[in-house]
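Written out below as structure tokens is the structure these notes cover.
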Amino acid sequence: MAEQVISPDLNFVKDIIASGGESLKKCYQCSTCTVVCNVTPDDKPFPRKEMMYAQWGMKDKLVSNPDIWLCHQCSDCTAYCPRGAKPGEVLNAVRKLSIRHVSMVPLFARIVQDPKLIWLLFAIPIALFFVFMPHKSLEFIRFDDKMVYHMFAPAEPHMYAPFVLKMIFGLTAVFSILSALTGIKRLWSGMKAQAGDVKSGGNLTGDIISSAKTIFAHSKFADCNVNRLRQWGHLLLVYSFVGLSISGIWALIYSYLFNFTGPYPFTDPMKLLSQASMLAFIAGIVIILYNRFAQAGKAGMGSYFDWIFLTIVSGIGATGILALALRLANVSAGYAAFYLHVVFVWLLLAYAPYSKFAHLFYRTTAMVFARHTNRES
Amino acid sequence: MPDVNRILVIGGGFSGLTTAVDAAETGAEVIVIEKNSYLGGRVAQLNKYFPKLCPPICGLEINFKRIKTNANITFHTMAEVESVSGGPGNYTVTVKLNPRYVNDNCTACDACAQACTAERPNEFNFGMNTTKAAYLPFNQAFPQKYVIDSSYCKGDCAKACKDACKYNAVDLDMKPGTITLNVGSIVVATGWNPYDADKLDILGFGKVKNVITNMMMERLASPTGPTAGKILRPSDGKPAQNIAFVQCAGSRDESHLPFCSYICCLASLKQTTYIREQNLESKATIFYIDIRTPGKYEKFYWKVKDDPNVSFIKGKVADIVQEQGSDDVIVTAEDMMTNKKVRMKFDMVVLATGMEPAGASKKIAGVKYNENGFALPDSGIYPAGCTKNPMDVARSAQDSTGAVLKALSKANSSGQGR
Amino acid sequence: MEKNIGLYICTGCSIGDSIDVEKLGNIAKNSLKIPVVKSHFAMCGKEGVELIKNDIKNEGVNTVVIAACSPRIKYEEFDFPGCIVERSPLRELAVWTQEDPEERQLAAEDYVKMHVIKAQKGDLPEPYMMETVKTILVIGGGISGMTSALQAANAGYQVVLVEKEAQLGGFANKLYKVVPAAMGEYSEPLIVDSDIADTVKAVESNQNITVYKSAKVEKTDGQPGAYDVTISSNGNSEVVKIGSIVLAAGWRPYDATKLEHLGYGVSKDVVTNIELEGIAKNNGGRILRPSDGKEAKKVAFIQCAGQRDPNHLPYCSAMCCTTSLKQARYVTQNSDATAMILYKDIRTPGRLEYYYKAAQNDPAVMMTKGDVTSVTDAGNGNLHVEMENSLLGEKVKIEADLVVLATGVVPATADDPILNLQYKQGPGLPDLELFDGFADSNFICFQYETRRTGVYAAGCVRQPMNMSEAQEDATGAALKAIQSAEHVAAGIAVHPRAWDMTYPDPFMQRCTSCKRCTEECPFGAIDEDEKGTPFYKPGRCRRCATCMGACPERIVSFKDYHVDMIGSMMKNVSVPSDDDKPRIIVLACENDAYPAIDTAALKHMKIDSAVRIIQLRCLGSTNLVWIADALSRGVDGMLLLGCKFGENYQCHFAKGSELADYRLSKVQETLGRLQLEAERVQMIQLAIDEYDNVPRIIGDFVERVKEIGPNPFKGF
């Protein structure tokens, strides 16, 4: 390997600090973090060396580093760090910068990552749906004196809104998928360039499958100590997202193939799935929030990057439940709740490859890469 | 009107003794208050000093001799300062005297110990063995006087001790007392305690059988220790041949001791020589963050580093467990120089636990401390040695000599002078 | 003094049970002619002590021999001011260590005889009085010297301060900022202005301090309490009377031109840490590159630039890590500059760790461990610092626009005696080579002890240290200097025999000017007059009596310790006529070997009955005549137990045990000529904690002597 010339990037250091890694500079390289980390490989373990790169602002060594994604933010490192350098938080900040680095539209990354742009983050969907949702005729769309949210934008031919909304969500989904794919591709090639001439294991499909198994089993999370409880919260959240996605597609199938529109009876299997997912979602978010607060002393309070994501996720849950409750109570304020619900869902969808949600794509990518290069088995 | 040349020295460890001797030899009247039953403090428990590998009792003997020959020094053992009031030139100090149950008639003839039927854990050896409840703290203890531990030796045992003494030295009716002293200035030399290794949860102390502290290692290596100087591991008494030293066990750690304890690197280097001296085959591995051998101590580091059986791994140990099915100990660290997480097996592990200033656990009313329990100078009150900053014996000696001049100047400045 | 000896035999602690005390008393009365012989079952008790006091008062006893326990205990009880007191340790040396009743009795008789003789031969000490001054000379006007001067002056002593530069302040004058004083965690600002100017002012305005600037010590003649120090300043020389000296001559940075591999002298943009202070100071804190005057944005600090390197300085300079952490702050005052600290180990011991923690917590301070191998031109006007084994990679280059070498401390004494002592043994402090030129102490427990009485080193001339440490150190040295001046004035020795009022009193008429005493004195206390006759300077003396041991004419005596005294003790040791029973005399150093024997006795360990043990002040006082006399009397062997010597010597008089060993090598030749086996006399190094080995060491020696066979002079 050619001798490397190091010229520290002070701005990158400052970026990490601004992104929630303010304790970064306290690290004195003892490697307690690496030892207490149960998810790191033994060879070239993390996060000690990442702390070093971060302190020196060695952006190249970090943004395409699979290890920052192999980290599951157990925060055992943070809990045991003798200097209060909080490696878990620093890596979280680095992941945020990595997301920005590989993002297709960096502006999107900035909007969701920069606390100063929080107004813009919310202003976009609020404005978007303010324009395209027929909120002004809320009463008009009561059918048989029953509130119908999916008819919020009724499927009447003369109404353009539903189509536009579907278009919005459709395009957003396409944008997200494209963003994610671009990010994944950039990350992958970045990691490959970083890794140099590391031998690949060959069977990419097999690596993907085994990574997926690990993810669905949440076996990595089980290795965490301080944040052990989080394993269950995260597991519930993941499965609730899966459940909600399936029920969403299911609903599309109902409405388009069978012309069967909602509100669906609670006995419908699709509805059952979505309600079960909803409960799992609520339980998950409660566990995660509880764990955050309970372990804040040891694991740190997290950064804006975490909290904006948690806010969006919680927002979906809260507005969803509120909307449901208000609908069942037949209170028209439910429309407003539903409106907000749509705003939050859009935020999640649109920013998925830019917010903390992106870890779904990038951690998976990194795990596959690690397997593919025999870094992990 | 207090005697302005009167200095109170709180603590009879190396710092306190140095202060006392130097002050008395400069003409001051000195009173030493020591909580233990003997003078010498922590260094009395050490086997050897780094870097010379000479016995601590050697320097103590000189200082004891100077105390014996100097009428300006009085000392109280088993005594604790309860409070300090007043100001420079005129302090009032209350001292609690705990009963020794043996008076000055004691000739150290050992008759009471022979008659004594009770045993007590030997705290001098960190509980690794026991002594009779009538005992001499250690072979070369000064003052050479026995002590009776009344919490273990009661009733018939106490009577047996009393009856065995031909010199009426055993006095079971001794009661705790309080004396009040009037002094011109005060030197606080209360020293340090080994940091409580039970608090280091991931380092296994108390859970893994063969994990000991560096101070315990001193006792194990000492001829007066529980194993008569043979380094045997606690679980099965086997000679410990392959030993890991875990540096910064508690030190440089915000959750424990946020400062560096100064001595632990040198102590571990020194302790490798104990093992290496006992057995040609023995091995030592030191896990460290930074090796801190300031000044001339660097050469001692080199000397140890030259031994092929002593290895150094840069990386702090953060996991110590007992091997399944054996008494061996598995230590995990990252070897930063090879960038690998390593799990290594040892016969025994020594935690280089740091020094916690005495002020962290017990503060003297009237003395000021910082957030970690280090005593602070205050006009007329001067901390010396490890009471104010972690340091080695050499620096403690030097620092204590310095404290004398400050105390003398202060004792004089507000009085009538010499 | 007309001696009226009282012998007091204690019968307690089993002495009475295992020894025929009456017989002992009769021997004392009849053959030793002791007028007062008494026994008591607890001589140390109130009654026993009263008994002695009464005899002193009413019977005129003025020389008290106590045959009881070791002199190491009951020292308070057996303290009779105005009387000579000798302690014969029957309990330890006869009762506890001997098993055979007959041998016990014999040992007890010998020890009583020996100590009675010792008492008979001794005299009460009288202090050596001479005209003294208590003025303290401080050499060096840096922070250490000024602190010593102020501390001594504030304690009421006259101080003479000699500074080689034209102004006081030393290195502190050159600093742009200093590390703030903190008692706990540090908070911003982490660099503050130094208050050196205030200290200078305090020194210069202090009425007790006389300052000589642009000055140096030409000559230091005389002795503690009465030094004649010639100070030259601006062409004038002046002789000043001085009592004692604080050597605070400071340090200089290691010569960076020897660090060419680190780019010094090759690139203008490689500077030392001291030069960086100048850059910062002269440019109002801005760090400008020497090459082009541009503000440095990427500054690399190379730690251990010369230190910890067998090719340069074998020690660590202790202060450079903190200095670089401080200087990194100079750099990062510029918000887009970075400071990179490249270290082997960061050494911020004790509470300085707080400073490390605070100083590194700066976005622009980057640190890594690594071994810097070279500094080369990067080709773009910058420099490449090449590193191996770094935490950033096995082999990396770091780009920097300015490189700072954290060079180390070289003590002023490394190549300049500074003191210019007019001592026969030379102008500087001995042993400097043991400490790489530092004027350090070999004693862990006694940090200010040099081998020149009255001279106490402080600050970086003694050990590498930082400014606050230097101030503490200087205070201690000032105290030692005061103590020394006071002791000399009172005619008392200083450490380690700080109670001792005796002094060497040579009978010069018999001196042959062989100069052995002059050469051997560990403290250079003996000079020579114009004719080459030794000239004793008691002020320099530590009372080890090495001179007494060195003198072939046996002319050096102390009031309570002389060749004849110990020789007579030996002559009174019984020599069994039985060939199977060897007699061996053990000479034991009273500081280490004797306490070791004492402890073995306390543990009731058994010691071979062949030996009789005599305490010496120091093994250095061993006079060969003792050996010759004893062996010619039929004593079968002599064992000398002294402290460890060599590089890490433990002898409190530095050279005593080593000299005894050296002399033995000489006597062994003589023994050979007398057809006596050289192995009959041996020296063994014994530390105070090796008491468990005492029986074995003695036993082995006795066995060896037995193998050699009885002394042919036996019975003559």
Fill in the blank from the handout: Within chain B, excluding any GluC sites (Glu not before Pro) found in a DSSP loop (not H, G, I, E or B) and having at most 11 other Cβ atoms within 10 Å, the longest uninterrupted segment runs B:1-280
Completion exercise
Taking r as the C-beta separation of C:M130 and B:A365 and R0 as 45 Å, the FRET efficiency to the nearest 0.05 is 0.40
Handout entry: Residues with amide H under 5 Å from that of B:Q322, placed H, sequence gap 5 or more
Key = B:I330
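Keeping all protein chains in place, calculate the accessible area per residue for the range A:8-110 (probe 1.4 angstrom), answer in Å². The partial results should precede the final answer.
Values: 2410 Å² over 103 residues.
Using a 1.4 Å probe on heavy atoms only, each residue of the range A:8-110 averages 23 Å².
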Problem - Along principal axes, Cα extents of the range C:275-424, largest first, whole Å - result: 60, 37, 37
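Applying 1/(1 + (r/R0)^6) with R0 = 45 Å to the Cβ-Cβ distance of C:S214 and C:S335, what FRET efficiency is obtained, to the nearest 0.05? Spell out each step's value before the answer.
Numbers: r = 43 Å, r/R0 = 0.95.
The value I calculate is 0.55.
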Fill in the blank from the handout: Length-normalised contact order of the range A:10-102, Cα under 8 Å, at least 6 apart, in percent, tallies to 40
Handout entry: In degrees, nearest ten, helix C:101-121 long axis to first principal axis of chain C (Cα)
Key = 70
Exercise for the section: Run the accessible area of the range C:560-716 with a 1.4 Å probe and give the carbon-and-sulfur part as a rounded percent. Expected result: 48
Fill in the blank from the handout: quick shape note, the range C:603-716: Cα extents on principal axes in Å, largest first -> 40, 33, 20
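Report the accessible surface area buried between chains C and B, summing both sides, using a 1.4 Å probe on protein heavy atoms only, in Å² rounded to the nearest 100.
Details: alone 29460 and 18140 Å², together 40380 Å².
Looking at C and B, the buried total is near 7200 Å².
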Handout entry: Candidates per trypsin sites (Lys or Arg not before Pro) in the range C:466-539, loop by DSSP, up to 15 other Cβ within 10 Å
Key = C:K531
Practice task
Could you work out, for the range B:206-349, what percent of all Cα-Cα pairs fall into each 10 Å distance bin, beginning at 0 Å and stopping at the bin that holds the largest distance?
Solution key: 11, 42, 38, 8, 0
Fill in the blank from the handout: Hydrodynamic radius by Kirkwood for chain B, inverse mean 1/r across distinct Cα pairs, in Å, is 22.6
Fill in the blank from the handout: Scattering profile of chain C from the Debye formula, Cα beads only, expressed as log10 I(q)/I(0) at q = 0.11 Å⁻¹, is -1.09
Exercise for the section: Would you kindly compute the Cα radius of gyration of the range C:1-124 and its largest Cα-Cα separation (Dmax), both in Å? Expected result: 13.1, 40
Handout entry: 20 Å binning of all Cα-Cα separations within the protein assembly as shown, expressed as whole percents from 0 upward
Key = 9, 30, 31, 18, 9, 3, 1, 0
Exercise for the section: Mind ranking B:325-331, C:579-585 by how tightly packed they are, going by the mean number of other C-beta atoms within 10 angstrom, highest first? Expected result: C:579-585, B:325-331
Practice task
For the protein assembly as shown, give the share of DSSP beta bridges that are antiparallel, in percent and rounded to the nearest 5; count only bridges with both residues there.
Solution key: 45
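Could you put B:T94, A:T205 in order of accessible surface area, largest first, with the 1.4 Å probe and the full protein assembly present? Don't jump to the answer; show the numbers that get you there.
On the way: B:T94 35, A:T205 90 Å².
The residues order as A:T205, B:T94, largest area first.
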Exercise for the section: May I ask you to find the residues of the range B:101-148 that are shielded by at least 40 Å² of accessible area once the whole protein assembly is considered instead of their isolated chain (probe 1.4 Å)? Expected result: B:T107, B:N139, B:Q140, B:Q144
Fill in the blank from the handout: For C:S214 the rounded accessible area (nearest 10 Å², probe 1.4 Å, non-protein molecules ignored) is 40
Fill in the blank from the handout: Output for the range A:233-330: chymotrypsin sites (Phe, Trp or Tyr not before Pro) sitting in coil per DSSP, at most 15 other Cβ within 10 Å, listed by number, reads A:F258, A:F260, A:F266
Completion exercise
chain C: relative contact order from alpha carbon pairs under 8 Å, six or more residues apart, as a whole percent, is 12
Handout entry: Pairwise label distance in nanometres, C:N648 with C:E388, each label 7 Å out on the Cα-Cβ vector
Key = 3.0
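By DSSP, what percent of the beta bridges with both residues in chain C are antiparallel, rounded to the nearest 5? Intermediate results must be reported in sequence, preceding the final value.
On the way: 38 of 104 bridges.
Bridges in chain C that DSSP calls antiparallel: roughly 35 percent.
May I ask you to work out the translational diffusion coefficient for the range B:111-164 at 4 °C, viscosity 1.567 mPa s, via Stokes-Einstein with Rh from the Kirkwood sum over Cα pairs, reported in whole µm²/s?
Values: Rh = 11.1 Å.
Estimated diffusion coefficient is 117 µm²/s.
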Exercise for the section: Quick one: net charge around B:C116, please, counting Lys, Arg +1 and Asp, Glu -1 for every other residue with C-beta under 13 Å from its C-beta. Expected result: 0
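State, as an integer percentage, the relative contact order of chain A based on alpha-carbon contacts under 8 Å between residues 6 or more apart. Don't skip to the end; give the middle numbers.
Values: 520 pairs, mean separation 90.9, N = 377.
Relative CO of chain A lands at 24 percent.
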Problem - For the pair C and A, total buried accessible area rounded to nearest 100 Å², probe 1.4 Å - result: 2200
Problem - Kirkwood-based shape ratio for chain A, expressed as Rg/Rh from alpha carbons - result: 1.00
Problem - Spatial separation of Cα centroids for the range C:594-673 and the range C:2-17, in angstrom - result: 27
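For C:N420, what is the net charge nearby, where nearby means another residue's Cβ is under 10 Å from its Cβ and Lys, Arg count +1, Asp, Glu -1?
On the way: positive: C:K216, C:K219; negative: C:E218, C:D221, C:D416.
Taking every other residue near C:N420 into account, the sum is -1.
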Handout entry: Count of lysine pairs in the range C:560-716 with Cα separation under 22 Å (8 or more residues apart, or interchain)
Key = 11
Exercise for the section: State the volume of the convex hull built on the alpha-carbon positions of the range A:10-102, expressed per residue in Å³ and rounded to an integer. Expected result: 78
Practice task
Please work out the Cα convex hull volume for the range C:565-656 and give it in Å³ per residue.
Solution key: 107
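The values are calculated or read from the model by the stated rules, or taken from the named source; none is laboratory data. Worth saying up front: this structure is predicted, and the values here are computed from it rather than measured. Counting neighbours? That spans all protein chains shown, and the Cβs are built from the backbone with ideal geometry, glycine included. Each accessible area value is taken on the protein alone, full model and side chains, heavy atoms only, with ligands, DNA and RNA left out. Shrake-Rupley method; radii C 1.70, N 1.55, O 1.52, S 1.80 Å.
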